Amino acid sequence: MIEAIRQHRSWIYGLMFLGAGLSYGIWLAPLVENWVVERSRDAGFVLNDLQVEGVNRSKRADVLAALDVDDGVPLLTMDLELMRKQLESLPWVKEAKVTRVLPGGLHVSLTEREPFALWQKEGKVRLIDGTGTVITQRGLAAYSHLMMVVGEGADLEITELQGLLAKNEGLSGRVKTAVRVGERRWDLIFDNGIRVKLPEAADPVYGAARAWQKFASLEAEYHLLGREVDVIDMRLADRMILRVSPEGRRRMNGTGWAT
């Protein structure tokens with residue numbers, strides 16, 4: 001009997017605490033929050049100094065619209081995480097940091113995406129960064145000097161391509177087009193039209209990275225890109241296959257230049 005009474009009392013106390021919690025959440029919590037906001041406003045913790053850094057290619061108007069704040073707004077009411085997400089939804093913004101600087105400041109720091117290449121798919125060209133993320137389809141004339149990337153699945157392997165080209169930046173600067181072949185490997189087309197065929201990157205014995213380094217060494221020694229060839233096949237570990245260009249064939253046959 002005594003144990004039953006104790007259990008009954010435990011249920012009553014539990015319901016009382018639950019009721020108190022619900023009352024706080026429904027009625028008291030908003031009052032407390034409003035009181036804190038008003039006291040912070042009275043203390044001067046309101047926005048009067050907005051500092052934004054890292055805006056280079058983004059439009060400042062778009063950044064301000066994403067922040068959606070005005071002078072005089074209490075700092076404690078701002079949802080900094082929401083602001084960060086809205087900023088990072090902008091095309092050029094890779095990373096955003098938003099911090100309060102009491103008593104009245106808000107500091108915004110942006111890291112923008114770096115253009116890496118132009119990606120062509122289904123007749124449309126887009127500007128992408130080194131991760132394959134699309135930045136924009138507008139104003140591409142300013143980026144016409146960048147490499148063109150084409151082929152099914154090319155955008156998914158941009159990181160692989162970027163890492164490959166970074167191993168020899170001097171030579172990589174002459175690559176005008178990177179073609180993803182069969183969603184497995186890359187063909188690199190240089191500024192003079194010569195195509196270099198690379199093996200698959202995943203090959204554990206002789207992959208794209210080793211083939212690219214081998215080509216760079218051969219180019220430095222024999223100046224392959226200055227030869228009368230149009231294809232340099234680096235896909236085999238024990239040999240390099242050259243396809244002579246039409247001009248080269250005419251010279252080899254002693255017929256000179258075509259008229």
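Only the coordinates and a few stated rules stand behind these numbers; no lab work does. Only a predicted model underlies this, so the values are computations on that prediction, with no experimental measurement involved. Note that each Cβ is placed from the backbone with ideal geometry, even for glycine, and that neighbours are counted across all protein chains shown.
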Stretchable slack from Gln162 to Leu50, in nm (0.36 nm times residue separation minus alpha-carbon distance): 36.7 nm
Ordering of 211-218, 48-55 by packing [mean C-beta count within 10 Å, highest first]: 211-218, 48-55
Put a dot 7 Å past each Cα toward the Cβ at Tyr222 and Val101; how far apart are the dots in nm? 6.0
Does anything in segment 219-243 have its amide N under 16 Å from the 7 Å Cα→Cβ label point of Arg210, and if so which residues? 234-240
FRET efficiency estimate (nearest 0.05) - Cβ-Cβ, Thr131 to Arg251, R0 51 angstrom: 0.70
Quickly rank 186-197, 98-109 as a protection proxy: mean count of other C-beta atoms within 10 Å, highest first. 186-197, 98-109
Footprinting exposure proxy for Arg227, Arg138 (fewest neighbouring C-beta atoms within 10 Å first): Arg138, Arg227
